[in-house]
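Visitor: Following this message is one structure expressed as structure tokens.
The values are calculated or read from the model by the stated rules, or taken from the named source; none is laboratory data. Keep in mind that what you see is a predicted model, and the values were worked out from it rather than measured. Positions of Cβ are generated from backbone atoms using ideal geometry, with glycine treated the same way; all protein chains shown enter the neighbour counts.
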């Protein structure tokens with residue numbers, strides 16, 4: 001054996017699934033390593049998902065870290081992404097003493113060659129450095145998001161007062177000009193206490209042994225060029241970037257069990273590339289008003305559709321006044337909508353096997369929240385997209401997807417009505433994607449990118465070559481850089497302003 005690689009994902013469903021795909025990818029091509037995945041118990045991981053992976057890939061070892069008591073733990077269930085992210089950073093920090101013991105114990109049984117952490121697990125970098133374990137970051141989103149992430153310290157200096165209220169585009173290397181409103185709030189709003197965690201993480205990430213990215217070279221050429229030219233870390237060296245993707249699940253829905261989902265049978269009866277699939281990730285929910293606008297837009301479009309619908313959030317007025325304890329998602333749609341669209345439309349409540357749906361020959365378009373896993377799944381199956389971002393870095397992904405890569409169209413949200421997408425807007429964009437020359441051109445580009453993705457993961461392809469270079473780096477260890485010195489000298493938290501820590505950046 002060549003030793004062990006320890007992976008440390010954050011608890012988000014997409015982050016955990018992507019890290020597991022990385023583990024499978026490493027073991028598939030370099031089985032001489034052992035792989036251990038550390039799991040946070042606060043919040044609890046998806047036990048069905050872990051059990052299914054353990055059964056299908058027994059070579060992956062899962063190690064559960066103990067639960068911790070989190071101050072102000074109401075943030076864990078908060079509807080605010082910023083609060084949930086802040087709690088994740090805090091949980092990882094609280095677990096550092098346990099992590100130190102765990103890594104020490106694992107290293108006694110098997111030589112740990114590398115520690116690979118999600119960027120939300122940034123606090124763990126100091127622990128692995130103290131144990132002289134080379135640390136790599138796994139960036140579960142794309143190279144475009146990474147370019148911005150590493151550029152945060154530069155933006156921190158350039159805009160001392162922040163930029164969320166500016167009316168001019170923000171320039172980021174390798175990226176089209178970005179409106180401040182399309183920037184993730186956790187980066188643009190410095191009054192959020194989570195901001196200091198992102199700034200700290202960006203600095204430490206730049207000092208790591210390397211960054212593993214779930215993308216492939218030809219997919220995001222301009223962003224990767226900026227990264228590799230050192231433009232995103234102008235005040236220091238950029239660590240090696242390993243593009244090993246696209247890493248996506250192969251199918252077989254965990255939540256749906258072993259039986260084939262009924263929506264796949266319905267798709268079997270539909271014409272080739274005729275169905276629009278609408279799905280918005282594990283956290284995508286809409287107000288009753290927005291659901292009704294979506295339903296009207298789909299009905300008027302005349303397009304065949306498969307729509308994953310969830311009940312509105314608890315604060316939604318119609319949800320609060322519902323007499324049912326567990327109301328059906330269909331009850332929040334316009335009266336008669338399901339009957340009027342029966343045959344050409346299908347409603348699925350809460351969940352559908354997304355990979356199997358996107359790989360089905362009847363699917364010709366995908367309305368997506370622009371989560372990175374969903375984007376990669378669409379590209380790998382050659383499905384053109386309609387971009388409708390909801391939270392996190394998804395608006396940023398949309399900018400790159402629509403303006404730089406030209407693999408999607410975009411819905412336009414109303415600025416006056418709290419981001420509402422009208423029925424008229426959705427109807428027009430759906431028809432444009434599914435029936436126009438512009439939509440066909442996007443489909444052609446996505447199909448070409450699908451071939452590029454396949455080539456990247458084939459023998460001699462860029463992603464397998466990058467994985468080989470990564471494994472070579474792991475086997476060699478860090479011979480030129482003392483990670484501990486880098487970590488301890490780069491960042492210092494010196495105060496508290498407006499509820500957020502102020503971070504000083506050493507030159």
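Visitor: Tell me which residues, restricted to segment 429-441, are buried (at least 22 other Cβ atoms within 10 Å of the Cβ), closer than 18 Å to residue 361 by Cβ and out of contact with any helix residue (DSSP H, G or I) (no Cβ under 6 Å at 6 or more places or on another chain).
Guide: 434
Visitor: Pick out the one residue from 402, 383, 355 that is without any contact (Cβ under 8 Å) to a residue 24 or more places away in the chain, within 20 Å of the chain's Cα centre (by Cα) and either assigned to a loop (DSSP other than H, G, I, E, B) or closer than 27 Å to residue 81 by Cα (or both).
Guide: The conditions single out 402.
Visitor: So, one more: Would you please list the contacts, defined by Cβ atoms under 7 Å and residues six or more apart or on different chains, that run from a residue in segment 459-472 that is more than 24 Å from residue 1 (Cα to Cα) to a residue that is part of a helix (DSSP H, G or I)?
Guide: 461/455; 462/456
Visitor: Which of the following residues is modelled with pLDDT of 95 or more, touching a helix residue (DSSP H, G or I) at 6+ places or on another chain (Cβ under 9 Å) and farther than 25 Å from residue 225 by Cα: 149, 125?
Guide: Only one candidate qualifies: 125.
Visitor: Looking at segment 211-222 only, could you name the residues that are touching a residue at least 40 places away in the same chain (Cβ under 8 Å) and more than 17 Å from the chain's Cα centre (by Cα)?
Guide: Within segment 211-222, 217, 218, 222 qualify.
Visitor: State the number of residues belonging to segment 182-198 that are in contact with a strand residue (DSSP E or B) (Cβ under 7 Å, 6 or more places away or on another chain) and crowded, with 21+ Cβ neighbours inside 10 Å.
Guide: 5
Residue by residue, here is whether (1) part of a helix (DSSP H, G or I); (2) modelled with pLDDT of 95 or more; (3) in the same structural domain as residue 401 (by TED's automatic domain parsing); (4) within 18 Å of the chain's Cα centre (by Cα) holds:
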position: 162; (1), (2), (3), (4): no, no, no, no
position: 165; (1), (2), (3), (4): no, no, no, no
position: 168; (1), (2), (3), (4): no, no, no, no
position: 172; (1), (2), (3), (4): no, yes, no, no
position: 176; (1), (2), (3), (4): no, no, no, no
position: 191; (1), (2), (3), (4): no, no, no, no
position: 198; (1), (2), (3), (4): yes, yes, no, yes
position: 201; (1), (2), (3), (4): yes, yes, no, yes
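Visitor: Would you check if residue 335 is farther than 23 Å from residue 384 by Cα, loosely packed, with under 14 Cβ neighbours inside 10 Å and either modelled with pLDDT under 90 or under 26 Å from the mean Cα position of the chain (by Cα) (or both)?
Guide: So residue 335 fails the test.
Visitor: Criterion first (over 23 Å from residue 205 (Cα atoms) and touching a helix residue (DSSP H, G or I) at 6+ places or on another chain (Cβ under 8 Å)) does residue 45 satisfy it?
Guide: yes
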